[in-house]
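K.L.:
Provided herewith is a single structure, encoded as structure tokens, for subsequent inquiry.
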């Protein structure tokens, strides 16, 4: 390897290390938040009616707070679970030509 090739390889290695560091920081800072029903509607940009129907048909990840069989359960959502659900929906709906 010539001196120029070594210098280029060293610069590339430094840049790659910096990018890897930034990616790891972003991944570790991505917190998993608990969202209320209203917050989940805003997070998903959907109406309460649509989200409630997805919950009733158990087509979206959530947990309930309150007595079983309650007429007005409180729905709680995890942001990471919703992100994964969005990715899965996109993959399921995508049909390459």
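The values are calculated or read from the model by the stated rules, or taken from the named source; none is laboratory data. Worth saying up front: this structure is predicted, and the values here are computed from it rather than measured. Every residue, glycine as well, gets a Cβ built from its backbone with ideal geometry; the counts of neighbours run over all protein chains shown.
K.L.:
If I ask for residues that are part of a loop (DSSP other than H, G, I, E, B) and either touching a strand residue (DSSP E or B) at 6+ places or on another chain (Cβ under 8 Å) or on the phi > 0 side of the Ramachandran plot (or both), which ones from region 71-97 would you list?
P.N.:
Hit for region 71-97 is 73, nothing else.
K.L.:
For region 35-61, how many residues meet the condition of being more than 14 Å from the chain's Cα centre (by Cα), on the phi < 0 side of the Ramachandran plot and part of a loop (DSSP other than H, G, I, E, B)?
P.N.:
Total meeting the criteria: 5.
K.L.:
Test of understanding: among 59, 63, which residue is assigned by TED's automatic domain parsing to the domain that holds residue 88, without any contact (Cβ under 8 Å) to a residue 12 or more places away in the chain, surrounded by 10 or more Cβ atoms within 10 Å (Cβ to Cβ) and out of contact with any helix residue (DSSP H, G or I) (no Cβ under 8 Å at 6 or more places or on another chain)?
P.N.:
Only one candidate qualifies: 59.
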